[in-house]
Each structure stands twice: as C-alpha cells, then as structure tokens.
Amino acid sequence: MPSKKRRRKEERPKIHPRNKYSDNPPDFALLASLYPSFKDFVFYSREGRPRIDWSDFNATRELSRVLLLHDHGLHWWIPDGQLCPTVPNRSNYIHWIEDLLSSDIIPKTNSNGDNVRGFDIGTGANCIYPLLGASLLGWSFVASDMTDVALEWAERNVKSNPHISELIEIRNVRCSPNTPTPEGLNNGESVYSEEGEGLLSSSIDMPASEDKSYHGPPILLDVVRDGERFDFCMCNPPFFESIEEAGLNPKTSCGGTHEEMVCPGGEKAFITRIIDDSVVLKLSFRWYTSMVGRKVNLKFLISKLREVGVTIVKTTEFVQGQTCRWGLAWSFVPPAKKIISPHVTEKNMLSFMLEGLQRQFGAIHVLQSVESFFHVGGACCKLNASSFTVDITASTEQCNALLNNEVKHLDQVASCSDVQEASSNLSFRVSVFQQIPGTLLVKGSLQHRDSPLSGLFSSIIQQLEDALRRKFCREKAGANYS
C-alpha cells in the first residue's frame, strides 16, 4: 500500500510575489478602524476574525474603494451595478505583464526608452488596470469602452487622480457599418443600436446556440489608430454567454452589466476576435494578452494561436482566495533567441489518444500523416509500415520550423544521411497503435535524452497531436477544445 505521506495535495499557484498583498493580505480590522464607511460592512466570526459578506455588492465595492485609497493613494468609485474589481487579483495581471515586458523572450521594439504604453480593452467604469498600472509602475494607457456609463465613470476616476491623469486616455469605441473585421464583418454588418446604451444588433440575427462567433463592436481593429504602437494590450473579457450563466455563483457579488459580462460565444468568441485582430495588427503590439476565466478554453485558444503563426505563447494562473483565472499572452515579434530549451526533457515517452476517428481513416492513414507532418518541416523521416512506426531526426533549424509551422520546399529538405551526421540533433520514434475501433494511441519515444534539443520534445509532440486531431477527429473537436 502506498504511503500516505506521498499523497501530497497539488500545491496551488500563489499570488504574484511582487503583489502588494502577497505577504500582507488586506487587514479588515485595520481598515474598519481607519475608514468608518467600511466599518459598517465588517463583522466578526466566532473565532474573532473580521469578515465581510462577499455576496453584498456594497461591501465588495467599499472594500475596493478603501484598498485603492489606503494602499495605492487612488480616489475611486463606481455606480451601482457596474463590475467591481478585486484589487489583489487585478494587481496579479499587472505584475505578470511586467514580467513579460522585462523578459528577454522577445526584443524591445519601442523607441520611447523605458516608457511603457498599454491598451486596456473594455476598461469599464472601474478603469482598474490603467489606474493600477499608472500608479504602481508609471505606465501610460489607452483605455477603451463603448457605453456612456463606462466612459463617463472611467473618465471621472482618471480625473479624480490628477497625479496620473495625464498617463491615461479614455477612448470611445465607435462602431459603424464600415468597421473592418478579419472575416468581412462575419456574415453580417455589426451596427450600433440606438437603444440600450450600446447594445449591439446584427443584420443577421442568429440564436446564440447556432452562432458562436463574435458580432460586437470593434475590439482592436478600427480602435487602434494608424501608426500607434503599444507594448501590450490587456483584457478582462466577457466570460459568459448569457446573463443567467453569469449569475450562477451566489457566494459572490461583484456586479457587472450585460455588456461587461456577456457576449454570444462568451470569452472564447471574444478572445478569438482579439486573436483575429492581432493577425492584422501584428507588430503594433509587443504582447497581446487576455485573462481567461475557464481553463477548458485555454487549449482551444492556444491551438488557434498556433494556426495563425505567432512566434511565442505564454500562459499563467492568477489566484486570489478560491478564485482562479488564467492569463494568455502571445506575440508576433521574432524571438530574441532561437526557440531552443537548454534543459533536457522531463519524460522520454509521451502519448495521446485519437478518439472518434472518421470511418474512412485507419492507423496507416495516421502513420502517413505523421510522416508528412515532419517531412514538410524538413526533418528526416523513415516510415516502417510493418511495425507502424516513423523514426524522425531533426536539426535545430528543423525543430524551429516545426514549432513555427513553417513548410520547407523539397529542395530545402536535407537528406537523412546529412541530418544524422550531427550528434546534437533531436531523434525520436512515433508509433501508432490500434486500441478499439475509432480509437488510436500515438506514442512518441525520445531516442537520446542528453541531446541539447530534448527540451523541445514535448512541444513538438503537442504540435503533432493538434495537427492529427484537426485532420482526423473533427467530430470530437468541440469536446476536446471547448
């Protein structure tokens, strides 16, 4: 029987180490003694611990107000019903972007020295990210939104803090029939409705269950002006597909209007549109980022990013109390260094299942696709149809081509004898096994663990998995990626 001592509970990610609340969480008792308006919302548990009622919007709003004033010197307020941010969680996002900007993953491209410029998509009445970024780090921002209430109160919150007001521009998103989109306005022209404070209608009205694509106002395209350059964009997207879904958690009350919380297709559709916009804008931003509310959407979005040919993708997890959110970042800036991991891989063998194969496909078709996948990247491939294996050897250049979805022409593909000469190449075998009808097991086995390229093994197998799923498991795609 295995020892209980070995059954360690997986440690959850912690709050960002530079977060003001990392070592000193908010002291409700102290805040109550200093701010009488907050004292009314504080009560004490049987153990004598100060608490607030998280389901009371007024309590959470007042907590955010006093935290911003007490710890950040910011004067702030929002009207009833607007989305109320949790200050520690929002600070995590700011510090993660700070990490991205200070890393050497991609080179610095701005000509303003250390002056960092960000773009906050859908800043809301709270305008929390620009306020925190400007007060903590001196960053400048363009903060966009579309509703009259959000624009008015975001402007008020900026002007209430004259020491940083010049760093923040509130930009009104204008939606017109001429608004460009990557898909030619997505099967219908998006137009502004004159009713309901910026609610959107479409010339083709489809039920949410039938049409999961984004049909709202512009997000980056037609909002970012010609010639503008930013270090990053950030976004707290509408997480939900319906207002009913948004209200499913009765234990918290952070407010939020329909425009802030809901869009057809939810966050998946909204962030997909940011990705589509980024394909057009590309180097206008060093980093494109968004918060993601559901981990299940991350894999779909990462797959989408690989399809459009980004140079780098980064993810993280934000934790505050019992609430988890994920951060997704990507860039089109060529990496400062080659995409080579200096450390060896943690596993010599990786595998994945292909389920729901269409009837016309079998193991041999998958095996041939494996060979084709690596061959077009320039790698040397040897297919053995009797053992259902493909032996692959790839150089540094070919590994980078595979990870960046580059296709090599026939005259660029090196011969196997040339590739195998170098001891620094990545060599592995891919095997295909029949499990049950419609299900295959694909296994990758690393041949030389001490290769300097072995750290890329996991990423390359992941790329292969995504490619095979797209080709052979289309009926299952929704279940696997959404």
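The values are calculated or read from the model by the stated rules, or taken from the named source; none is laboratory data. Note that the structure is predicted; figures quoted are calculated from it, not measured. For neighbour counting, all protein chains shown are included, and Cβ atoms are generated from backbone atoms with ideal geometry for every residue, glycine included. Areas reflect the complete protein model, heavy atoms only, side chains present, ligands, DNA and RNA absent. Shrake-Rupley method; radii C 1.70, N 1.55, O 1.52, S 1.80 Å.
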Open item on the list: Being open to solvent by less than 20 Å² (accessible area, probe 1.4 Å), free of Cβ contacts under 8 Å to residues at least 60 places away in the same chain and either out of contact with any strand residue (DSSP E or B) (no Cβ under 6 Å at 6 or more places or on another chain) or over 26 Å from VAL173 (Cα atoms) (or both) is the requirement here; does GLU62 meet it?
Closed with: yes
Open item on the list: Show me the strands (runs of 3 or more DSSP E) found entirely inside the range 229-348 where at least 1 residues are farther than 20 Å from TYR129 by Cα and modelled with pLDDT of 75 or more.
Closed with: 312-320, 323-331
Task: Residue satisfying all of: in the range 364-400; polar (S, T, N, Q) and not in a helix (DSSP H, G or I); farthest from PHE433 (Cα to Cα) among these - done: SER395
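Let's see how each residue does on (1) modelled with pLDDT of 95 or more; (2) among the basic types (Lys, Arg); (3) within 27 Å of the chain's Cα centre (by Cα):
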residue	(1), (2), (3)
GLU10	no, no, yes
LYS14	no, yes, yes
PRO25	no, no, yes
LEU34	yes, no, no
PHE38	yes, no, no
GLY48	no, no, no
Task: Unmet requirement for LEU69, which otherwise passes all of (1) of a type in the set (A, V, I, L, M); (2) touching a residue at least 40 places away in the same chain (Cβ under 8 Å); (3) closer than 14 Å to LEU132 by Cβ - done: (2)
Open item on the list: Yes or no: the range 395-410 includes at least one residue that is within 21 Å of GLN463 (Cα to Cα), of a type in the set (Ser, Thr, Tyr) and modelled with pLDDT of 85 or more.
Closed with: yes
Open item on the list: Of everything in the range 34-54, what is surrounded by 13 or more Cβ atoms within 10 Å (Cβ to Cβ) and either touching a residue at least 60 places away in the same chain (Cβ under 8 Å) or assigned to a loop (DSSP other than H, G, I, E, B) (or both)? Give them in sequence order.
Closed with: TYR35, PHE41, VAL42, ILE52, ASP53, TRP54
- [ ] Check whether at least one residue in the range 298-311 is over 30 Å from PRO107 (Cβ atoms), of a type outside the set (Val, Ile, Thr) and open to solvent by less than 50 Å² (accessible area, probe 1.4 Å), and report yes or no.
- [x] no
Open item on the list: I'd like to know if the range 210-218 contains one or more residues that are acidic (Asp, Glu), over 23 Å from the mean Cα position of the chain (by Cα) and at pLDDT below 95.
Closed with: yes
Task: Conditions (1) over 21 Å from ASN236 (Cβ atoms); (2) open to solvent by less than 10 Å² (accessible area, probe 1.4 Å): number failed by LEU67 - done: (1)
Task: Complete set of residues in the range 129-155 that are surrounded by fewer than 21 Cβ atoms within 10 Å (Cβ to Cβ), of a type in the set (A, V, I, L, M, F, W, C) and under 21 Å from ASN89 (Cα atoms) - done: LEU136, LEU137
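Listed here are the residues, each with its yes/no results for (1) closer than 28 Å to ASN297 by Cβ; (2) assigned by the TED database to the domain that holds SER395; (3) modelled with pLDDT under 75.
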residue	(1), (2), (3)
SER454	no, yes, yes
PHE457	yes, yes, no
ASP466	yes, yes, no
TYR481	yes, no, yes
